[in-house]
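> Following this message is one structure expressed as structure tokens.
Derivation of every value follows stated rules applied to the coordinates shown; laboratory data play no part. Quick caveat: nothing in here was measured; it's all calculated off a predicted structure. Methodologically, a virtual Cβ is constructed for each residue, glycine included, from the backbone with ideal geometry; neighbour enumeration extends over all protein chains shown.
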Amino acid sequence: MAIQKILIVDDSPTERYFLTDILVKNGFSVSTAENGEDALLKIKADKPQLILMDVVMPGQNGFQITRAISRDPETQDVPVIICTSKNQETDRIWGLRQGARDYLVKPIDPQELLAKIAALG
């Protein structure tokens, strides 16, 4: 089934707007969360088909939230793509170990993002 509903989790209004703009123009339905706790509530309430997860946020970081999603039987089938400014290989490996399906470094390239979404769908 092709991915339609995407949740963007990022504490930066600029990043949320940038990603939402790319996705909506390409026919996706987008919801957003400003932090991990908000994201977990939204995932339970209205299950997205994909989550774009920032790492550095107030409260729980993206790695912790990704781990919580991937370990919860209700949400573990929802793929997570980490979108972060953390560009170290160790960060990428750690993100994937937490259950993320993919890892993108900001600034996000729209074509690369769309290709990764298509690969999951």
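> Find the residue count for the range 33-43, including only residues that are under 16 Å from GLY99 (Cβ atoms) and surrounded by fewer than 21 Cβ atoms within 10 Å (Cβ to Cβ).
1
> Of these, ILE43, ILE22, ILE8, which one is among the β-branched types (Val, Ile, Thr), within 20 Å of ARG71 (Cβ to Cβ) and outside any loop (DSSP other than H, G, I, E, B)?
The match here is ILE43.
> Restricting the search to the range 65-84, which residues are in a helix (DSSP H, G or I), closer than 25 Å to GLU112 by Cβ and of a type outside the set (Lys, Arg)?
Result: ILE65, THR66, ILE69, SER70.
> Would you point out which residue out of GLY62, GLY99 is free of Cβ contacts under 8 Å to residues at least 60 places away in the same chain, touching a strand residue (DSSP E or B) at 6+ places or on another chain (Cβ under 9 Å) and on the phi > 0 side of the Ramachandran plot?
That would be GLY99, the only listed residue that is free of Cβ contacts under 8 Å to residues at least 60 places away in the same chain, touching a strand residue (DSSP E or B) at 6+ places or on another chain (Cβ under 9 Å) and on the phi > 0 side of the Ramachandran plot.
For every residue, the table says whether it meets (1) out of contact with any helix residue (DSSP H, G or I) (no Cβ under 8 Å at 6 or more places or on another chain); (2) surrounded by 18 or more Cβ atoms within 10 Å (Cβ to Cβ).
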residue	(1), (2)
ALA45	yes, no
LEU50	no, yes
VAL55	no, yes
GLY59	no, no
GLN64	no, no
GLN76	no, no
GLN88	yes, no
ARG97	yes, no
LEU120	yes, no
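> Which of (1) charged (D, E, K, R); (2) surrounded by 19 or more Cβ atoms within 10 Å (Cβ to Cβ); (3) free of Cβ contacts under 8 Å to residues at least 60 places away in the same chain does ASP10 not meet, given it meets every other one?
Answer for ASP10: the failing condition is (3).
> Can I ask one more? Of the conditions (1) surrounded by 17 or more Cβ atoms within 10 Å (Cβ to Cβ); (2) in a helix (DSSP H, G or I), GLN111 fails just one. Which one is it?
It is condition (1) that GLN111 fails.
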